[in-house]
Amino acid sequence: MYDFLDRPVTSLDHGGRFMVWSMRSWVKAMGDRQCPGSALGNAFARWNMIAGLQPFLRMMTLFNRNGLETFQFCALACNHVSEHEALILSLVCSLRDSRPEALRDTLGLLVEEDSIGDLIGALSALGRMMDEAAIFPTRPVAASCQNPPL
């Protein structure tokens, strides 16, 4: 999560930017009392992600309805990644670089127990579609800290 937190959105790869825009657009659509699928469908189609729309919608709905806390997302124009945006990006990335039980344990801290299996399924399907569309997000490369010579 800390790989993404407070990072400028413009520093993310295409998959990271797509995810942040999608999360924020889902929240905006819900706030505007619009169908998120209709609001997001064209963008998902443009990115060859139309098959990923349903898993994405399911993921966001599960976080919204079954979250153990209220998730907070930035406005569309904000250029920094919020805590919950960073968390979701990290969960997607962990599909590649983590053990399944680690993902399950993390989700256990975020959502009700009964929704963990459905959320893993939605995240996995979304990750597969992002991989097929060649926009699977990657963790940003941290700047190396070099000590000045003494």
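Results, tabulated for the structure shown:
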{"item": "Estimated distance in nm for a label pair at A45 and R104, the labels positioned 7 Å out from Cα along Cα-to-Cβ", "result": "3.9"}
{"item": "The chain - percent relative contact order, Cα under 8 Å, separation 6 or more", "result": "36"}
{"item": "Built amide H within the under 5 Å cut-off of H80, gap 5+", "result": "V9"}
{"item": "Candidate residues V92, V141, V27: accessible-area rank, largest first, probe 1.4 Å", "result": "V141, V27, V92"}
{"item": "Answer label for Rg/Rh (Cα atoms, Kirkwood Rh) (calculated), chosen among (i) 0.99; (ii) 0.95; (iii) 1.11", "result": "(i)"}
{"item": "Sites L5 and Q34, calculated FRET efficiency, Cβ-Cβ separation with R0 35 Å, nearest 0.05", "result": "0.75"}
{"item": "Farthest toward positive dipole pole in segment 45-145 [+1 Lys/Arg, -1 Asp/Glu at C-beta], among L76, A122, T106", "result": "L76"}
{"item": "Given charges at beta-carbon only (K, R positive; D, E negative), |dipole| of the chain in Debye", "result": "480"}
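The values are calculated or read from the model by the stated rules, or taken from the named source; none is laboratory data. Quick caveat: nothing in here was measured; it's all calculated off a predicted structure. Ideal geometry is used to build each Cβ from the backbone, glycine not excepted, and the neighbour counts take in all protein chains shown. Accessible surface areas use protein heavy atoms only, side chains included; no ligands, DNA or RNA. Shrake-Rupley method; radii C 1.70, N 1.55, O 1.52, S 1.80 Å.
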